[in-house]
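Throughout, read-outs are computed from the coordinates displayed, never taken from laboratory work. Every value quoted in this text rests on a predicted model; they were computed, and no experiment measured them. Positions of Cβ are backbone-derived with ideal geometry, glycine not excepted, and every protein chain shown enters the neighbour counts.
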Amino acid sequence: MRRLAPRSLAPALADLHGRLAPQSLLADVQAAWPSAVGAAIAQEARPVGERGGVVEVACRSAVWAQELDLMELDLVARINDALGRDRVSGLRCRVGAGPRR
């Protein structure tokens with residue numbers, strides 16, 4: 001009897017992840033965040049909450065929180081483009097608990 005070569009678990013885990021992921025606006029924004037806002041912003045800030053279409057973003061510093069406040073209209077448009085429809089109405093940026101490494 002011949003043994004088959006080991007197969008990757010990646011396809012099975014990707015399918016499982018898709019089925020277990022929460023179905024919420026926050027989860028969708030978190031998934032789209034890096035590609036929507038770019039690597040530099042994703043490295044310094046992350047979405048941590050949502051209420052009524054306004055996404056709360058935790059930033060590593062006050063400078064980043066202020067910068068993202070100034071970029072809000074552009075970022076909301078980019079996030080909504082990534083989501084495929086207008087689901088995010090605004091951002092609320094604060095300092096603390098920035099991106100996990």
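Tabulated results
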| item | result |
| --- | --- |
| Computed magnitude of the charge dipole of the chain (debye, nearest 20; Cβ of K, R +1, Cβ of D, E -1) | 760 debye |
| Degrees separating the helix 72-83 axis from the principal Cα axis of the chain, which is the longest one | 20 degrees |
| Separation in nanometres of the label points that stand 7 Å from Cα toward Cβ, at residue 24 and residue 62 | 3.0 nm |
| Length-normalised contact order of the stretch 23-95 in % [C-alpha pairs under 8 Å, at least 6 apart] | 35 percent |
| Cα-based helix-to-principal-axis angle, 10-20 vs the chain, degrees rounded to 10 | 50 degrees |
| Segment residue 54-residue 5, extension gain: residue separation times 0.36 nm, minus the distance between their alpha carbons | 12.8 nm |
| Separation in nanometres of the label points that stand 7 Å from Cα toward Cβ, at residue 72 and residue 92 | 1.1 nm |
| The stretch 1-15-the stretch 39-75 distance, computed between alpha-carbon centres (Å) | 39 Å |
